[in-house]
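Here the structure comes first, spelled out in structure tokens, and everything after it is commentary.
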Amino acid sequence: MKILVTGGAGFIGSAFVRMVIAETDFGVVNLDKLTYAGNLENLKAVERNERYRFVHGDICDGALVDALIEAEKPEAIVHFAAESHVDRSILSPEPVIRTNLNGTFTMLEGARKHKVGRFVHVSTDEVYGSLEAPLEATEEFPLNASSPYSAAKAGSDLLVRSYFVTFKLPVVITRASNNYGPHHFPEKLIPLMITNAFDDRPLPVYGDGQQVRDWLYVDDHCRGILAVLRKGREGEIYNIGGNRSLPNLDVVRQVLALTGKPESLIQYVTDRPGHDRRYALSSEKLMRETGWAPAMDFETGLERTIAWYRANGEWVARVRSGAYREYYEKNYGGRETVG
Ligand code: NAD
Ligand code: TYD
């Protein structure tokens with residue numbers, strides 16, 4: 001089987017590409033625009049593999065997507081490409097709407113025209129919005145997005161579903177919880193806290209730090225996507241959760257303990273506007289239908305992630321140079337220290 005992956009140079013997409021090349025006999029074509037979040041260094045392990053090909057391009061470019069699908073004739077598309085960061089979507093929503101909505105539309109049109117046999121759309125638990133404890137979202141929960149990021153993802157989910165209902169395009173949607181692991185861009189909570197702790201820089205905690213996220217090791221997510229690619233039923237949605245809900249402050253404290261740094265590095269800052277208080281997911285459907293289950297416990301996964309960042313200081317230095325500094329100043333410079 002040959003699959004077209006979009007966004008395969010990012011955090012999760014690159015883990016998926018590495019896993020598919022290492023553990024299956026599938027061919028992979030990776031279409032990626034290489035935005036600030038796309039990094040070909042993440043694909044060093046596969047770049048010379050004969051079953052792998054990289055194409056530099058924008059998923060919003062309809063002519064390119066059309067020609068690529070026509071030339072490569074993939075049996076399946078696994079669609080990761082997105083603007084993936086909530087804070088950036090608040091500072092600058094336009095690229096988020098463009099890539100997450102228009103880009104998904106372009107991919108769907110390409111898949112429809114060339115009758116691609118399977119379209120896996122990689123989405124997020126954030127589309128369900130904030131849930132009161134002890135609720136856990138099942139796939140039937142209403143969409144209740146809060147940020148431009150999650151609203152654009154929810155919109156793309158609806159668009160994908162419409163291509164199934166209207167055009168019979170064989171789609172499957174996955175909705176995963178917060179991922180963590182190696183190669184994660186240090187704008188998201190866990191890699192930001194690890195890299196700041198290494199440098200004895202303040203660890204900026206939004207609001208009271210009691211917001212709850214469910215943490216999923218990136219390889220467990222990728223195995224869930226592979227299970228859905230192989231066994232998911234057409235037109236269905238599958239949640240993929242880590243079954244490990246933690247308040248942000250607990251995560252930050254664990255990072256400090258494992259890096260041997262003091263809790264005095266914690267700095268409470270002004271909260272994120274529209275900040276969702278709690279995400280929680282039930283992955284019972286995926287487990288029941290495919291036998292998938294998350295394998296990595298959070299403590300081991302976090303230790304492994306910290307060890308990777310420790311061993312890959314050059315990767316960190318390169319991604320934190322240039323435009324990263326501008327983003328950091330824009331997102332954190334304006335926040336007041338609280339408490
Ligand atoms: P990421 O930001 O690390 O990577 C995104 C990739 O998409 C980058 O390689 C980037 O260059 C590429 N890209 C962006 N715009 C593009 C465009 N217009 N054309 C082509 N390529 C483009 O994101 P990630 O964390 O790996 O997330 C991947 C997918 O998984 C996203 O769809 C995201 O919504 C979803 N997801 C992420 C999480 C998470 O915790 N990170 C959880 C659930 C779902
Ligand atoms: P993030 O990694 O951006 O993922 P998401 O918002 O998509 O869940 O943030 C995870 C949680 O950590 C979220 O509640 C916001 C919080 N957070 C901070 O407290 N400080 C930070 O500097 C960042 C980036 C996030």
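The values are calculated or read from the model by the stated rules, or taken from the named source; none is laboratory data. Not measured: the values here are computed from a predicted model. All Cβ positions, glycine included, derive from the backbone under ideal geometry; neighbour counts span all protein chains shown.
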For this session: Give me a count of the residues in segment 233-254 that are away from ligand 1 (no atom under 16 Å from the Cβ), farther than 21 Å from Asp219 by Cβ and of a type outside the set (Gly, Ala, Ser).
Result: 8
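Name the single residue, out of those in segment 178-206 being in a loop (DSSP other than H, G, I, E, B) and in contact with a Ser or Thr (Cβ under 7 Å, 6 or more places away or on another chain), that is nearest to ligand 2 (Cβ to nearest atom). Quick ask: steps written out before the conclusion?
Within segment 178-206, the first condition is being in a loop (DSSP other than H, G, I, E, B), and the residues that meet it are 181-188, 199-202.
Of the ones still in play, those that are also in contact with a Ser or Thr (Cβ under 7 Å, 6 or more places away or on another chain) are 181-183, 186.
Details: Gly181: 13, Pro182: 15, His183: 14, Pro186: 9 Å.
Residue satisfying both the conditions and the ranking: Pro186.
Given the options Glu41, Glu50, name the one that is free of Cβ contacts under 8 Å to residues at least 12 places away in the same chain and surrounded by fewer than 15 Cβ atoms within 10 Å (Cβ to Cβ).
Details: Glu41 fails: free of Cβ contacts under 8 Å to residues at least 12 places away in the same chain.
Every option except Glu50 fails the conditions.
The rows are residues; the columns are (1) free of Cβ contacts under 8 Å to residues at least 40 places away in the same chain; (2) surrounded by 23 or more Cβ atoms within 10 Å (Cβ to Cβ).
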{"position": "Arg118", "(1), (2)": "no, no"}
{"position": "Gly129", "(1), (2)": "no, no"}
{"position": "Leu135", "(1), (2)": "no, no"}
{"position": "Ala145", "(1), (2)": "yes, no"}
{"position": "Gly155", "(1), (2)": "no, no"}
{"position": "Leu158", "(1), (2)": "yes, no"}
{"position": "Val172", "(1), (2)": "no, yes"}
{"position": "Asn179", "(1), (2)": "no, yes"}
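Taking Gly209 as the residue in question, decide whether it is assigned to a loop (DSSP other than H, G, I, E, B), touching a helix residue (DSSP H, G or I) at 6+ places or on another chain (Cβ under 7 Å) and under 23 Å from Tyr309 (Cβ atoms). Spell out how you get there, then give the answer.
Details: assigned to a loop (DSSP other than H, G, I, E, B): yes; touching a helix residue (DSSP H, G or I) at 6+ places or on another chain (Cβ under 7 Å): yes; under 23 Å from Tyr309 (Cβ atoms): yes.
Against the criterion (assigned to a loop (DSSP other than H, G, I, E, B), touching a helix residue (DSSP H, G or I) at 6+ places or on another chain (Cβ under 7 Å) and under 23 Å from Tyr309 (Cβ atoms)), Gly209 qualifies.
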Problem set entry | Boolean, Asp220 is surrounded by 18 or more Cβ atoms within 10 Å (Cβ to Cβ), assigned to a helix (DSSP H, G or I) and under 21 Å from the mean Cα position of the chain (by Cα) | yes
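Can you find a residue in segment 31-42 that is more than 29 Å from Ala151 (Cβ to Cβ) and more than 7 Å from ligand 1 (Cβ to nearest atom)?
Applying the first criterion (more than 29 Å from Ala151 (Cβ to Cβ)) to segment 31-42 yields 40-41.
This time we only want the ones that are more than 7 Å from ligand 1 (Cβ to nearest atom), so: 40-41.
Taking every residue of segment 31-42 in turn, at least one turns out to be more than 29 Å from Ala151 (Cβ to Cβ) and more than 7 Å from ligand 1 (Cβ to nearest atom).
Identify the residue in segment 1-10 that is surrounded by 24 or more Cβ atoms within 10 Å (Cβ to Cβ) and among the hydrophobic types (A, V, I, L, M, F, W, C) and, among all such residues, is farthest from Phe185 (Cα to Cα).
Initial filter on segment 1-10 (surrounded by 24 or more Cβ atoms within 10 Å (Cβ to Cβ)): 3-10.
Applying the additional criterion that residues be among the hydrophobic types (A, V, I, L, M, F, W, C) yields 3-5, 9.
Working: Ile3: 25, Leu4: 23, Val5: 19, Ala9: 11 Å.
Top of the filtered list is Ile3.
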Exercise. Has segment 14-26 got at least one residue that is buried (at least 24 other Cβ atoms within 10 Å of the Cβ), away from ligand 1 (no atom under 11 Å from the Cβ) and among the aliphatic types (A, V, I, L, M)?
Worked result: yes
Exercise. Among Arg223, Arg175, Arg161, Arg230, which is of a type in the set (D, E, K, R), within 16 Å of ligand 2 (Cβ to nearest atom) and modelled with pLDDT of 95 or more?
Worked result: Arg175
Exercise. Is segment 146-161 home to any residue that is part of a loop (DSSP other than H, G, I, E, B) and farther than 22 Å from Leu34 by Cα?
Worked result: yes
Exercise. Which numbered condition trips up Ala307, out of (1) more than 24 Å from Glu136 (Cα to Cα); (2) in contact (Cβ under 8 Å) with a residue 60 or more places away in the chain; (3) not polar (S, T, N, Q)?
Worked result: (2)
For this session: Can you confirm whether segment 209-217 contains a residue that is more than 13 Å from ligand 2 (Cβ to nearest atom), in contact (Cβ under 8 Å) with a residue 12 or more places away in the chain and surrounded by fewer than 20 Cβ atoms within 10 Å (Cβ to Cβ)?
Result: no
Exercise. In segment 61-110, what residues are within 11 Å of ligand 1 (Cβ to nearest atom) and over 19 Å from the mean Cα position of the chain (by Cα)?
Worked result: Asp61, Leu64, Val65, Thr106
Exercise. Would you pick out the residues in segment 106-145 that are out of contact with any Ser or Thr (no Cβ under 8 Å at 6 or more places or on another chain) and either modelled with pLDDT under 95 or not in a loop (DSSP other than H, G, I, E, B) (or both)?
Worked result: Thr106, Leu108, Glu109, Gly110, Ala111, Arg112, Lys113, Arg118, Phe119, Tyr128
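Regarding Ala257, is this residue more than 22 Å from the chain's Cα centre (by Cα), more than 13 Å from ligand 1 (Cβ to nearest atom), not aromatic (Phe, Trp, Tyr) and not in a strand (DSSP E or B)? Steps first, please.
Numbers: more than 22 Å from the chain's Cα centre (by Cα): yes; more than 13 Å from ligand 1 (Cβ to nearest atom): yes; not aromatic (Phe, Trp, Tyr): yes; not in a strand (DSSP E or B): yes.
Criteria met by Ala257.
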Exercise. Gly313 versus (1) farther than 23 Å from Asp87 by Cβ; (2) of a type in the set (Gly, Ala, Ser); (3) within 16 Å of ligand 1 (Cβ to nearest atom): which is the lone unmet condition?
Worked result: (3)
